[in-house]
Amino acid sequence: MILYYIIALSPFVASFVKRDISYSFLIIYFVMSLACYAFYYVDKKRAIDGKFRVSEFKLHTIEFFGGWPGGLIAQQRFRHKTQKKPYLYKFWAIVVLHILIWAEFLSDLKGIEFFLEYLRNLT
């Protein structure tokens, strides 16, 4: 479980490693993580009560726009959405995408630029 917290905190730690980052990214991650955590809580409560649920699309959208750390912590805290494989595949794809973007940003290797140039040359 500690590994999940380490993964969830990685964007915040990375921002301190790379000092020239705009703090607006951290604020977005923090606010979206709180929102995602709250939506997981509401969804879990509605699932228990047999009420109308929060859509998976809405949860994934919030995760995609920076809320995945809150989603990861909420999954472990509430034991919610941890068994549904199709959901988890999409969730972890979002997490990996964000981690790759952060790794690219921290490394200054310009891998994304190289990849986009490669795609442009294919057409």
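The values are calculated or read from the model by the stated rules, or taken from the named source; none is laboratory data. Everything numeric here is computed off the predicted structure, so don't read it as measured data. Glycine also receives a Cβ, built like all others from the backbone with ideal geometry; neighbour counts cover every protein chain displayed.
Please work out which one of (1) within 13 Å of Tyr4 (Cβ to Cβ); (2) buried (at least 21 other Cβ atoms within 10 Å of the Cβ); (3) without any contact (Cβ under 8 Å) to a residue 60 or more places away in the chain is the condition Pro69 fails and give its number.
Here Pro69 meets the rest and fails (3).
Considering segment 93-108 alone, what residues qualify as being surrounded by 15 or more Cβ atoms within 10 Å (Cβ to Cβ) and either in contact (Cβ under 8 Å) with a residue 12 or more places away in the chain or not charged (D, E, K, R) (or both)?
Listed by number, the residues that qualify are Ile94, Val95, His98, Ile99, Trp102, Phe105.
Kindly state which helices (runs of 4 or more DSSP H) lie completely within segment 32-117 and contain at least 1 residues that are modelled with pLDDT of 90 or more and more than 22 Å from Pro11 (Cβ to Cβ).
Where helices (runs of 4 or more DSSP H) fall fully within segment 32-117 and carry at least 1 residues being modelled with pLDDT of 90 or more and more than 22 Å from Pro11 (Cβ to Cβ), they are 56-62, 85-107.
If a residue must be modelled with pLDDT under 85, under 12 Å from Trp102 (Cβ atoms) and assigned to a helix (DSSP H, G or I), how many such residues does segment 17-31 contain?
Total meeting the criteria: 3.
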